[in-house]
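First up is the structure itself, then whatever we jot down about it.
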Amino acid sequence: MSRQLATFTLEGAHYGVDVMRVQEALRFQPRTAVPMAPAAVAGLVNLRGQVVLTIDLRVCLGLDPLPPSARPMMVVVQVGGEPISLLVDEIGDVIDVDDDAFEMPPDTLAPSLRGLVTGAFKLEDRLLLALDVDRAVAA
């Protein structure tokens, strides 16, 4: 069985999320900071009149946050029926992946990341990390 994943990169690593969860991909959008918000909350964006929460995936994945001058791309996903914007370095393609190419993450991966990265698809030239959007947003 195969499925389609929308792909993106963060610090050179390739990630994928179920394409059915993706509403759209956007270039940089100005954000409004939210005082007292958790570190992963990068702010709010006005998406054609709808206020959308923006999550910095770098923080969720234990990476250094983006510098304030950065202009990241956004992948807008549906979580619980609401759009949530995920900050990413680059937006990739939608690709077909085969379940036979999937492997669970190794036991040596930090437990905090095992909940976010559900496994890896072995592609010809790289690994594609499968991201659990629900857990990433909840982290």
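The values are calculated or read from the model by the stated rules, or taken from the named source; none is laboratory data. Note that the structure is a prediction, hence the values are computed from the model and not measured. No Cβ is skipped: glycine too gets one built from the backbone with ideal geometry, and neighbour counts run over all protein chains shown. Heavy atoms of the whole protein, side chains included, go into the accessibility calculation; ligands, DNA and RNA do not. Shrake-Rupley method; radii C 1.70, N 1.55, O 1.52, S 1.80 Å.
I'm trying to understand the selection: among the residues of region 77-109, which are open to solvent by less than 80 Å² (accessible area, probe 1.4 Å), part of a loop (DSSP other than H, G, I, E, B) and of a type in the set (D, E, K, R)?
Within region 77-109, just Asp89 meets the criteria.
Pairs please, first residue from region 115-126 and touching a residue at least 40 places away in the same chain (Cβ under 8 Å), second anywhere and β-branched (Val, Ile, Thr) and not in a loop (DSSP other than H, G, I, E, B), Cβ atoms under 7 Å, 6+ apart in sequence or on different chains.
Here the result reads Phe121/Val97, each pair linking region 115-126 to a residue that is β-branched (Val, Ile, Thr) and not in a loop (DSSP other than H, G, I, E, B).
Consider Val45 carefully, then state whether it is farther than 19 Å from Thr9 by Cα, out of contact with any Cys (no Cβ under 6 Å at 6 or more places or on another chain) and buried (at least 18 other Cβ atoms within 10 Å of the Cβ).
Numbers: farther than 19 Å from Thr9 by Cα: yes; out of contact with any Cys (no Cβ under 6 Å at 6 or more places or on another chain): yes; buried (at least 18 other Cβ atoms within 10 Å of the Cβ): yes.
Yes.
Output the number of residues of region 57-75 satisfying the condition of being buried (at least 20 other Cβ atoms within 10 Å of the Cβ) and over 21 Å from Gly119 (Cβ atoms).
Pass one, region 57-75, residues buried (at least 20 other Cβ atoms within 10 Å of the Cβ): 57-58, 60-61, 72, 74-75.
The next check asks that each one be over 21 Å from Gly119 (Cβ atoms); those that pass are 72, 74.
Total meeting the criteria: 2.
May I ask you to list pairs of residues, at least six apart or on different chains, whose Cβ atoms are under 8 Å apart, with the first in region 60-81 being closer than 22 Å to Asp18 by Cα and the second being part of a loop (DSSP other than H, G, I, E, B) and open to solvent by less than 20 Å² (accessible area, probe 1.4 Å)?
Cys60/Ala40; Cys60/Leu116; Leu61/Leu116
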